[in-house]
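Taken together, the values in this text are just the output of simple stated rules run on the coordinates, not laboratory data. Predicted model, so just to flag it, every value in this text is computed and none were measured. Cβ placement follows ideal geometry from the backbone for every residue including glycine, while neighbour counts extend to all protein chains displayed.
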Amino acid sequence: MALALYNSLTHQKEPFRPMRPDAVGIYACGPTVHDFAHIGNARMVVVFDLLVRVLRRAYKQVTYVRNITDVDDKIMDAAKRNGEGIAALTARTSAAFQQHMAALGAQAPDVQPRATEHIPEMIAMIQALIAKGHAYVTQNTVLFDVPFDPHYGQLSRQDRDGIVAGARVDVAAYKRDPTDFVLWKPSTPEQPGWDSPWGRGRPGWHIECSAMAEKYLGVTFDIHGGGQDLIFPHHENEIAQSTCAHDGAPLARTWVHNGFITVRGEKMAKSVGNVVSVSDLLAKHDGETIRLTLLSAHYRQGLDWTDEVIEQSKKALDRWYRAAGDAHAGAPDAQFLAALDDDLNTPQAIARLHGLADAALAGDAGAKAALKASAEVMGVLAKGGEAWFRGDAGGEGAEIEALIAQRAAAKKAKNFAEADRIRAVLDTRKIVLEDSANGTTWRRA
RNA sequence: GGCCAGGUGGCGGAGUGGCUACGCAGCGGCCUGCAAAGCCGUGUACACCGGUUCGAAUCCGGUCCUGGCCUCCA
């Protein structure tokens, strides 16, 4: 079965057909590195990581570009608050981002362009837009002329009147039309800035993605995506800039947007004070558990982040590791792959993994190998069973084995009170014992 | 107000015009010295009201409710 994806541009699920037979270009809007990544950033990363893994199985050459926005007002504010230079801040936060996403099993994109390293490309695109009459200069600011673009609003299905009517922000006086948006704006001497035909300044938010996508993927490419909040205005404006700069050539053929995460039923926001950071989660949970939780709901649905859903994912992984932890990966299961091909239907794919685990636990070696291989396509079950259940702490091992031996002796002597006491002691240390015909093994809870 | 998603059993969460989703929790049992793990069995679901149909939770119309976006946002 071939891959089908829901295209937010057409509002329907479509068979995916790349522009070239063996090569796919995909661009995802990455983080603005003003702070450490939160679980919402992570969902986008994990969803697109999975999409890229699925694409790589089907196409020889997949080019995955995910940008890093390292010039932005929030970054300037954060740097000021921390008494830290902007370069130091973005170096620190983007390094942490790489680390945290790797811990979630996300492979690095092929290209991770930074906005600050592509200023000339942005200036060139802005100049082209001015030359074609799609942008105008006023007060050292360059603005995109929205009413001049008849196709504006096709992605978000908003017309100009609706945008104006719903506006929550005061319209800057220098705009010809309330919907016009900034391509370039002046910087004060203490703000980061670059020389340009319009004076020293910095780019607007949207132009970086248009310029960098063109540089690395060409004028028109296969897939563009990000969180669904980016549909408007960010992606709408990208489409406007790119298509107008490229004489009507579309920016991307398929648009993929992932849903939002709520935290215990509430919107996750700084103002609510419930932002869940990836680094905090990694301190308490294995990256695979977090990854599976992020994939436990379909990517376009909302996902409510609670301790219960994390616990469920942990239990699922325990079971799968028990069923196939040390197996050699075989070929991934066909039903599993079909579920992913169907617009990344991870809940159905996960259901299939449970079925394979049942068969594997019943002694089916083929199911065991298929479980291992299938789960690895999803980016989980990649460790050995030993590593999963016991972790790296080797120093404790000998001591635990000694206690297990003491308990075995007590059991042999029918001294069950002593045997249970030893088990209880280990239990307080979150060590669980499992007796079987072949002896006793231990694992961390 | 405009645009877009949704409302499924105690919870999480797919799907479908007629056939058990799946998982977690619960309950009963097997196994076990007792547990853990594993295994077997087990329950009430498709927001509401109409309509189409042999048959709808699934299609159509209406109602109610929830969430997101409407120039900071993954």
- prompt: Comparing A:Arg56, A:Arg352, A:Arg390, which has the greatest mean-square fluctuation in the GNM of chain A with Cα pairs linked when under 10 Å apart?
  reply: A:Arg390
Globularity ratio of the range A:4-258, using Cα Rg and 2.2 N^0.38 Å: 1.00
field: Anchor A:Lys60: aspartates and glutamates whose Cα lies under 16 Å away (excluding residues fewer than 8 positions away in-chain)
entry: A:Asp22, A:Asp110, A:Asp222
statement: Expressed in µm² per second, the diffusion coefficient of chain A from the Stokes-Einstein equation, with Rh the Kirkwood radius over alpha carbon pairs, at 10 °C and 1.306 mPa s, is 65 µm²/s
field: Segment A:Val425-A:Ala398, length gained on full extension (0.36 nm per residue, minus Cα span)
entry: 8.2 nm
query: Spin-label point model (7 Å from Cα, Cβ direction): what's the A:Lys412 to A:Ala359 distance in nm?
result: 4.2 nm
query: Could you give the length gained on full extension between A:Asp229 and A:Ala2, defined as 0.36 nm per residue of separation minus the Cα-Cα distance, in nm?
result: 78.9 nm
query: Relative to the Cα centre, what is the charge dipole magnitude of chain A, using +1 at the beta carbon of each Lys and Arg, -1 at the beta carbon of each Asp and Glu, and rounding to the nearest 20 debye?
result: 880 debye
- request: Tell me the label-point distance for the pair A:Val272, A:Ser187, using the 7 Å Cα-to-Cβ offset, in nm and rounded to one decimal.
  value: 3.5 nm
task: Could you check which residue among A:Gly227, A:Gly273, A:Gly133 shows the biggest mean-square fluctuation in a GNM of chain A with a 10 Å Cα cutoff?
output: A:Gly273
query: Which pairs, out of A:Lys267/A:Lys314; A:Lys80/A:Lys284; A:Lys80/A:Lys270, put more than 27 Å between their alpha-carbon atoms?
result: A:Lys80/A:Lys284
222 nm mean residue ellipticity, helices alone, for chain A (DSSP H n ≥ 4; -39,500 (n - 2.57); rounded to 500): -13500 deg cm²/dmol
- line: the range A:393-444 -> Rg/Rh from Cα coords, Kirkwood Rh, value 0.95
Hz values of 3J(HN,Hα) by residue in the range A:256-271 - Karplus curve (6.51, -1.76, 1.60), Gly and Pro given as x: 10, 10, 8, x, 9, 9, 10, 10, 6, x, 10, 4, 7, 7, 4, 5
- prompt: When chain A is treated as a GNM, springs tying every alpha-carbon pair under 10 Å, which of A:Gly384, A:Gly204, A:Gly287 comes out with the largest mean-square fluctuation?
  reply: A:Gly384
- request: Principal axes first, then extents: for the Cα atoms of the range A:1-137, list largest minus smallest coordinate on each axis, whole Å, largest first.
  value: 54, 46, 27
field: Sequence-distant aspartates and glutamates (8 or more away, or on other chains) whose Cα lies within less than 17 Å of A:Lys414
entry: A:Asp435
